[in-house]
Amino acid sequence: MSDDDDDSEPAVALGERMPVEGAPLARVSSRLTWPKEKSEVDRLEGDSVIRTPDGARELSAVLEDVEETYFERHQEFETHVREVIGTGPIPTTDE
């Protein structure tokens with residue numbers, strides 16, 4: 001790249017920043033070591049609020065609908081949680 005390039009503008013217009021309530025599921029699962037029992041996940045992170053396509057939800061409430069009781073890996077945990085919460089765009093909050 002040349003020294004003449006203008007770095008004052010982003011290459012892509014990002015638009016206005018809209019807040020999103022809750023934490024990404026991956027962030028919550030990364031705070032845990034695996035394997036882990038569902039009850040232990042609930043004890044450690046149950047009060048965490050996660051992002052879902054239907055809005056933010058407490059992880060403890062989501063875990064009530066997860067039938068699996070033991071997760072070997074974080075990917076398995078995330079798969080079971082996503083089966084309950086679904087996938088799709090996460091709504092933003094209006095300020």
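All of the numbers you see were taken from the coordinates with simple rules; none came from a lab. Model, not experiment: these values are computed from the prediction. In this analysis, Cβ positions are derived from the backbone assuming ideal geometry, glycine residues included, and neighbour counts consider all displayed protein chains.
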(message) Limiting things to C-alpha atoms, what are the Rg and the maximum Cα-Cα separation (Dmax) for region 43-95, in angstroms?
(response) 11.7, 40
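Give me the percent relative contact order of region 25-85, please, defined on Cα pairs under 8 angstrom at least 6 residues apart.
The value is 40 percent.
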(request) For residue 61 and residue 39, compute 0.36 nm times the residue count separating them, minus their Cα-Cα distance, and round to one decimal in nm. (result) 6.7 nm
(request) Name all residues of region 32-54 having a backbone nitrogen under 13 Å from the label point set 7 Å from the Cα of residue 69 along its Cα→Cβ direction, giving them as ranges. (result) 37-40
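As an exercise, identify the GluC sites (Glu not before Pro) in region 49-93 lying in DSSP coil whose Cβ has no more than 15 other Cβ atoms within 10 Å.
64, 67, 68, 72
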